[in-house]
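Written out below as structure tokens is the structure these notes cover.
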Amino acid sequence: MSHAIPAPPALGDSAVNTSYVVGIAFIAALGGYLFGFDFAVISGALPFLRREFALDAWWEGFLTGSLALGCMVGCLVAGQLADRYGRRPGLLLAAGIFAGSSLAMALAPGLALFVVARFAAGIGVGMASMLSPLYIAEVSPAAVRGRNVAINQLTVVVGILVTNLVNYFLADHGPDAWRWMFGLGAVPALLFLLGVLWLPESPRWLAQAGQVPRAEAVLRKIGNPAFVEATLAELAVRASSGEPRARFRDVLSADVRPAVVVGVALAVFQQFCGINVVFNYTSTIFAAVGADLNRQLLETIGIGVVNLVFTLVAMFLVDRLGRRPLLLFGALGLTVSYLALAFLLQTHAAPGLVSGVVLAAIGTYGLSLAPVTWVVISEIFPTRIRGVASSVATVALWGAYFVLVFTFPILAQAIGTYGPFYLYSGICLLGFFFVRAKVKETKGQTLEQLEEAFARH
């Protein structure tokens, strides 16, 4: 049955406690920093790991992708945990798992234990990658929700940049430098753990769980009485429907299927667009055009800086231009960038030319698919299944990531480093047409209004 959702109140600048909302968003988004750390550390460590463990193309791909396999498990655990016990316990568990696994990778005596530890790190990263944007979306007023969820992507790219810088400065510290690269991940994990202890539980989860007084108390910290009253009224409409606790099979029901299809497809596209090959295999790409190790690691720093700058721009634009225009721009921009990159790699162009095209692709991604995909996934699912549906979409994302990074070394060995980028260009073109046909604009609407809109779709 469809319930009419009231329009959000016209809130003035004083209606929301901006410093409090941004503060809790930044703390929750430290989960993104963990994602960025483990995502980037492998790029700097791979030249050392190849020698340490005598990796062939298959093992290189599996070692890199083992993080994604753990992420898939983490997402499945996080979805159930978040809907049963709340968002905050899941964030605490993610931080603890990540801290322990970072130390385990640093101390691993052999390849098998290293891969197991990286898989465990993936569980923590997967939990955080799903729960951090979901939590931020649920505590943020509609007018700033896109910007606040994009803070999670900002911490991802800050994590990537800082990790690339650390990798660069550690690279000259002998063959065991990779152990320090991984071990230092315990520091941000412990900071995240301490920060989450201060966070309130999501008011939307509290209301869904029947804890309305606690939800109201949190909302009063977020906004003024008009905001609290309007939000509670929206939540009461959903609570009055008497919907049971979500299960994984509920994501297949007809009323939520349109949102699930969009969420899963965008998640898969964000990975199959191919940009994470550039992030994870920077050294391989630039070695193909004759760059030495020092130049390869310097390129990772340039990638991190460009990614950070364009993510900041995206945070400014996502609630102004909207989600859909940025997704369309990203898909088309990457289509063109990959064609150029494939041609330059195929013709063995100078590293400087390759660097320019790589940075253009990174900037395009940082402005579009990187932050906006997470924003849309955090917005479009109904409250009663948001945890489960978000976990399904994020599992799909990490599954696609594993396929991408596992297959790249094998494809590059078989058809040349340039070959896969022609494939990624075609995928991006298909993604452009999918976004144009299926993705609706979500900016400026409350989560309850979006739920109503997708149910009618």
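The values are calculated or read from the model by the stated rules, or taken from the named source; none is laboratory data. These numbers were taken from a predicted model, which means no experiment stands behind them. For neighbour counting, all protein chains shown are included, and Cβ atoms are generated from backbone atoms with ideal geometry for every residue, glycine included. These accessible areas exclude ligands, DNA and RNA; they are computed on the full protein's heavy atoms, side chains included. Shrake-Rupley method; radii C 1.70, N 1.55, O 1.52, S 1.80 Å.
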Fraction of the pair-distance distribution of region 262-373 above 24 Å, Cα-Cα pairs, percent: 25 percent
Region 166-298: radius of gyration and largest Cα-Cα distance (Dmax), Å: 23.8, 65
Rg in Å to one decimal, and Dmax rounded to a whole Å, for region 21-110 via C-alpha atoms: 15.5, 48
Relative packing of 91-101, 370-380, 167-177, which averages over residues the other C-beta atoms within 10 Å, highest first: 370-380, 91-101, 167-177
Mean Cβ neighbour count within 10 Å, used as a protection proxy, ranking 209-217, 194-202 highest first: 194-202, 209-217
Net charge contributed by nearby residues that have their C-beta within less than 12 Å of Val139 (K/R +1, D/E -1): +3
For region 91-155, radius of gyration divided by Kirkwood radius, i.e. Rg to Rh on alpha-carbons: 1.16
Estimated D of region 252-322 in µm² per second, where Rh is the Kirkwood radius over Cα pairs and Stokes-Einstein applies at 10 °C, 1.306 mPa s: 106 µm²/s
14 Å beta-carbon shell around Ala150, net charge (K/R +1, D/E -1): +3
Carbon and sulfur %, accessible surface of region 304-410 computed with the full protein complex present, 1.4 Å: 81 percent
For the chain, alpha-carbon Rg relative to the globular expectation (2.2 N^0.38 Å, N residues): 0.95
Column: log10 I(q)/I(0), Debye, Cα scatterers of region 320-385, q = 0.12, 0.23, 0.26 Å⁻¹: -0.41, -0.90, -1.03
Protection proxy ranking of 134-141, 321-328, 250-257 - average other beta-carbon atoms within 10 Å, highest first: 134-141, 321-328, 250-257
Angle between the chain longest axis and helix 186-196 axis [Cα atoms, degrees, rounded to 10]: 10 degrees
Hydrodynamic radius of region 286-445 per Kirkwood, over alpha carbon pairs, in Å: 17.1 Å
Span from the region 265-330 Cα centroid across to the region 396-421 one, whole angstrom: 16 Å
Region 50-64-region 71-150 distance, computed between alpha-carbon centres (Å): 25 Å
Estimated D of region 333-422 in µm² per second, where Rh is the Kirkwood radius over Cα pairs and Stokes-Einstein applies at 4 °C, 1.567 mPa s: 85 µm²/s
Mean Cα-pair separation over length for the chain, i.e. relative contact order, pairs under 8 Å, 6 or more apart, %: 27 percent
Within the chain, helix-based [θ] at 222 nm, where runs of 4 or more DSSP H residues each add -39,500 (n - 2.57), nearest 500: -26000 deg cm²/dmol
Surface per residue (accessible, 1.4 Å probe) for the chain, Å²: 36 Å²
Where only alpha carbons of region 82-191 are counted, the Rg and the Dmax (Å): 16.0, 50
Karplus-derived 3J(HN,Hα), 6.51/-1.76/1.60, for each residue of region 278-292, Hz, glycine and proline x: 5, 5, 7, 10, 4, 4, 5, 4, 7, 5, 5, 10, x, 6, 7
More than 19 Å apart - percent of Cα-Cα pairs taken over region 144-196: 42 percent
Mean shadow area of region 134-244 over all directions, Cα convex hull, nm²: 9.3 nm²
Fully extended contour minus Cα-Cα distance, from Leu107 to Ser19, at 0.36 nm per residue: 27.7 nm
Region 65-196, accessible surface, carbon-and-sulfur percent (1.4 angstrom probe): 77 percent
